[in-house]
Amino acid sequence: MKYVVIKTQLITLMALLSMVVFADSLEVEEDDSTIVLHRGIHDLEIQKEGFRFSISRDGKQLLAAHEAAGLVLLKSPVARARVLNAYGDSVAVAVTNRLGIAAIVGIKFYDNCVKFSATFADENIRGSVFFATQGVTPAFGLSDHAAYRKDPSTEVTGYSSNYFGALSDGKPSRLTSNFVISPANQVAFVNMEPSKKIVAVSKAEWKQGSVYVNSLRALYYFTGGAKEIYKDYLDARNREGYKVYKPKYEWFGVGWEAFGALGWVTNHHTIRENVDTYLKSGYPLSWMVVGSGFWPNNEDRLLATTSFGAWDNEKYPDPEGFIAYYKQLGLKVILGLRIAFIPNGMYTHEGLENGYFIQKDGKSRLFKVNFPKSDCYLLDGNNPEAVAWYLTLCEKWLAYGIDGFKEDLFGYEIGDFDDDKLDAVNRGLMDKGVYVMGRNGYLGSPMDLHRYDDFNFNQNQDRGPVNGLAFSYSGFPYTYPDIVGGTGLAGDRFGKIDRNKLRIYLMRNVQYASLNPAMSFGFGVWQLNDDQVAEVCLDAAKRHHALQPYIFDAALKAYETGFPYPLTPLPLAFEDDKATYDRENNRKRGYQWMIGESLMAYPLYGNDYHTTNRRDVYLPEGVWIDYDSGNRYQGPMMLDEFEIPVDKTPLFVGGKGFVVEQAENALYARLYDVDFAGHITFRHKDGRSQSVIDIRETPSKKSIVMDSTTGKRIRTAWERHALQFVMEAGHHYVIE
């Protein structure tokens, strides 16, 4: 007992000492009305009445205190606050709202961010909790929720929801993020909560919270330049359990999906005929997806991906041979996968017996989803034993030689489904080295690709580029923009289609898709018997394939840093350039982004794709070289009404002017004269090897390239407006 007293006194003494000013520790000042916190570069000033707080960095205020209340518990603003304890990098504050409900607020300082938490003193209390400051503009993020609005725009100012989450707005928002960033104001915030959230983004307020909790555990405010913010956001996600995984090379090549090609008419023969036609036509495929119809079709209870290892004997009489054929051609073979179990299915009884499905009132409950068509049980991703069981079942598919899965739960009926419902399963698969295409997820990246929802000919075409850019703002940069031509052309779902509009659509769509981190084909363009369409589609596929090593290097850099290098919106790449803002919308259709640090994409896309060949294209500061013509431009400048024919490659080279392409089993380093000198680190497809390129002089036809690994001079050529040489993995080079 004496030890306990001494320990308590020591804690009290430490708490008192923590109130004293130390150079490397938290500084706290408190009077009757105000609490002031300072640590490192950050200052927080909290008005006790209302818990109205402001955040400053290096003496500059980034977020001003909310005019009414900075912390609201159970819809009642905080009325009183006092410091309980402060030590090192953290402080605990006791608060009481106007209803007399007590809570403890935790504030923890990191180098470039501040973490807030709020926990009710009574562990039996559950309800709404939110923090708020005044807002700043412009603001970006919110993933799928940014795209599914009447007027698609990446700018999310004006968005508000008191029940934020997947499908909470009635739209197919499955890859969910409430991360919001204002790069112009060097600030971002996110409440890391998988259940339903409170989100408001306006000039009057930036507000985030949780709808029904006992504890809001992790609300982060990030400060600094865009690269600082995304690095700290990456660290925070990994720290809080929303892990970001290293992606795999093959996914960033050209793929093929059965449903886009064949609809429901999929079997051993139709798939082989279609894929072989693509390969013989010169399409450099690296992966393929058979998403549905491979399960036994003779019993309703088996019509699901959870038939685990059971194939339809008539459609796929030799599944091992079917898979081996494509693997010897170098393709990764992917199956569709869902967590939906049909009643009386092959493994449903086992799941029910062990309590592996989501329950209500102590019983496994049935859900309506778009597929399977019957009501079904859903795996409980919060139950580790259930997840382990499910992963064991997945081995039955993998045993056939399958490389991975396209996760594809959709159309679920309930709005209170947690946003991380698939994350535990996908983490388990990624931990095993399985290839994963993700369609559902929350904040983290337990997947190789971020596929947004079906993007079809009959939809608003502005949604696509807004969706992809919003993914990147939100920390999902491995964007896969659905199949070229979508999922409805093969099955005539759209009825009679204007042929000329369709041909233009396919060419514009393939140019757009080819400049995303991943792309795929389905509908066979040869069916149009149109030479121009066939040529544009094949050229786009070959260009994407050529750039696959370069894109993958950008993906690895994103994995390491958090910054969305594979698809970087210009307001992030050029955050101080105001001309990059207010362009990613259906009014201006300035859909541009950086691919890595040297390529800028500017595809002509949007709902007017079939009525115009011109766009205003913005070039930020620096030298920009037209990818096709080699024409040289000096930014900043706006190319008004810039002509972009359907067969033009919509790329400029700028930035560091270093691009890597593959051709005929060789890797070519390409250096453009963009007035850059410095070091570049390139990451190779094995994910480990690196090459350091030391550019000491601006590249020219007279440049000398030395392999510093071997000490030998390298043969060079001037090809397509750039200095080019063959590069070997792990070798380093000097350009003089």
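Observations on the model:
- Residue in segment 102-118 that is among the acidic types (Asp, Glu), in contact with a helix residue (DSSP H, G or I) (Cβ under 8 Å, 6 or more places away or on another chain) and at negative phi present: yes
- Here PHE676 passes the criteria (1) crowded, with 22+ Cβ neighbours inside 10 Å; (2) under 23 Å from ALA558 (Cα atoms) except the one numbered (1).
- Scanning segment 566-601 for residues that are more than 20 Å from the chain's Cα centre (by Cα), closer than 16 Å to ALA470 by Cα and in a loop (DSSP other than H, G, I, E, B) yields TYR581, ASP582, ARG583, ASN586, ARG589, GLY590.
- Consider segment 574-604 and keep the residues that are over 25 Å from TYR672 (Cβ atoms) and either aromatic (Phe, Trp, Tyr) or out of contact with any Phe, Trp or Tyr (no Cβ under 8 Å at 6 or more places or on another chain) (or both). The one that is most open to solvent (accessible area, probe 1.4 Å) is LYS578.
- Within the option set LEU393, LEU335, being out of contact with any Leu (no Cβ under 9 Å at 6 or more places or on another chain), over 28 Å from ASP169 (Cβ atoms), touching a residue at least 60 places away in the same chain (Cβ under 8 Å) and in a strand (DSSP E or B) holds for one residue only, LEU335.
- Residue among PHE252, PHE222 that alone is over 25 Å from LEU331 (Cα atoms) and out of contact with any Ser or Thr (no Cβ under 7 Å at 6 or more places or on another chain): PHE222
- For segment 32-63, a residue qualifies if it is buried (at least 18 other Cβ atoms within 10 Å of the Cβ), hydrophobic (A, V, I, L, M, F, W, C) and not in a strand (DSSP E or B), and exactly one does: PHE51.
- Test set (1) in a loop (DSSP other than H, G, I, E, B); (2) open to solvent by 50 Å² or more (accessible area, probe 1.4 Å); (3) more than 24 Å from HIS268 (Cβ to Cβ) - LEU329 fails condition number: (3)
- Qualifying residue in segment 402-420 (condition: among the β-branched types (Val, Ile, Thr), surrounded by 18 or more Cβ atoms within 10 Å (Cβ to Cβ) and assigned to a loop (DSSP other than H, G, I, E, B)): yes
- Scanning segment 379-390 for residues that are assigned to a helix (DSSP H, G or I) and either among the hydroxyl-bearing types (Ser, Thr, Tyr) or more than 30 Å from PRO481 (Cα to Cα) (or both) yields PRO384, GLU385, ALA386, ALA388, TRP389, TYR390.
- Just so you know, in segment 80-106 the residues that are charged (D, E, K, R) and in a strand (DSSP E or B) include one that is farthest from GLU27 (Cα to Cα), and it is ARG80.
- Residue within segment 286-302 that is open to solvent by 10 Å² or more (accessible area, probe 1.4 Å), closer than 29 Å to GLN527 by Cβ, of a type in the set (D, E, K, R) and free of Cβ contacts under 8 Å to residues at least 12 places away in the same chain present: no
- Only one entry in PHE476, PHE563 is aromatic (Phe, Trp, Tyr), outside any helix (DSSP H, G or I), in contact with a helix residue (DSSP H, G or I) (Cβ under 7 Å, 6 or more places away or on another chain) and buried (at least 19 other Cβ atoms within 10 Å of the Cβ), namely PHE563.
- Flag for ARG632 being over 26 Å from TRP251 (Cα atoms), within 30 Å of the chain's Cα centre (by Cα) and at pLDDT 95 or above: no
- Residues (assigned to a helix (DSSP H, G or I) and either touching a helix residue (DSSP H, G or I) at 6+ places or on another chain (Cβ under 6 Å) or open to solvent by 10 Å² or more (accessible area, probe 1.4 Å) (or both)) located in segment 512-537: SER514, VAL525, TRP526, GLN527, LEU528, ASP531, GLN532, VAL533, ALA534, GLU535, VAL536, CYS537
- Among (1) farther than 18 Å from LEU556 by Cβ; (2) buried (at least 18 other Cβ atoms within 10 Å of the Cβ); (3) not small (Gly, Ala, Ser), the one test that LYS702 misses: (2)
- Residues that are open to solvent by less than 30 Å² (accessible area, probe 1.4 Å) and out of contact with any strand residue (DSSP E or B) (no Cβ under 7 Å at 6 or more places or on another chain) within segment 362-393 comprise PHE371, GLY381, VAL387, TRP389, LEU391, LEU393, listed in sequence order.
- Evaluation of SER25 against the conditions (1) open to solvent by less than 60 Å² (accessible area, probe 1.4 Å); (2) outside any loop (DSSP other than H, G, I, E, B); (3) modelled with pLDDT of 50 or more shows that the sole unmet condition is (2).
- Residue within segment 134-143 that is in contact with an Asp or Glu (Cβ under 7 Å, 6 or more places away or on another chain), crowded, with 24+ Cβ neighbours inside 10 Å and over 30 Å from LYS60 (Cα atoms) present: no
- Some residue of segment 76-85 being touching a residue at least 60 places away in the same chain (Cβ under 8 Å) and open to solvent by less than 10 Å² (accessible area, probe 1.4 Å): no
- Answer residue from segment 480-511, given it is within 18 Å of the chain's Cα centre (by Cα) and under 19 Å from ASN586 (Cβ atoms) and is surrounded by the most Cβ atoms within 10 Å (Cβ to Cβ) among those: PRO481
- Residue within segment 77-97 that is of a type in the set (D, E, K, R), touching a Pro at 6+ places or on another chain (Cβ under 7 Å) and under 20 Å from SER33 (Cα atoms) present: no
- Inter-residue pairs, beta-carbon under 6 Å, first in contact (Cβ under 8 Å) with a residue 60 or more places away in the chain and under 11 Å from VAL674 (Cα atoms) and in segment 621-646, second aromatic (Phe, Trp, Tyr) and open to solvent by less than 70 Å² (accessible area, probe 1.4 Å), 6+ apart: ILE625/TYR672
- Residue, surrounded by the most Cβ atoms within 10 Å (Cβ to Cβ), within segment 433-473, restricted to residues that are free of Cβ contacts under 8 Å to residues at least 60 places away in the same chain and more than 24 Å from ARG338 (Cβ to Cβ): PHE457
- In segment 242-259, the residues that are more than 20 Å from TYR478 (Cα to Cα) and open to solvent by 10 Å² or more (accessible area, probe 1.4 Å): PHE259
- Every pair of residues 6+ apart whose Cβ atoms lie under 7 Å, when the first sits in segment 115-129 and is basic (Lys, Arg) while the second is open to solvent by 20 Å² or more (accessible area, probe 1.4 Å) and in a loop (DSSP other than H, G, I, E, B): ARG126/ASN214
- Within segment 180-200, the set of residues being among the aliphatic types (A, V, I, L, M) and under 20 Å from the mean Cα position of the chain (by Cα) comprises VAL180, ILE181, VAL187, ALA188, VAL190, MET192, VAL199.
The values are calculated or read from the model by the stated rules, or taken from the named source; none is laboratory data. All values derive from a computational prediction rather than experimental measurement. Positions of Cβ are generated from backbone atoms using ideal geometry, with glycine treated the same way; all protein chains shown enter the neighbour counts. SASA here: full protein model, heavy atoms, side chains in, ligands and nucleic acids out. Shrake-Rupley method; radii C 1.70, N 1.55, O 1.52, S 1.80 Å.
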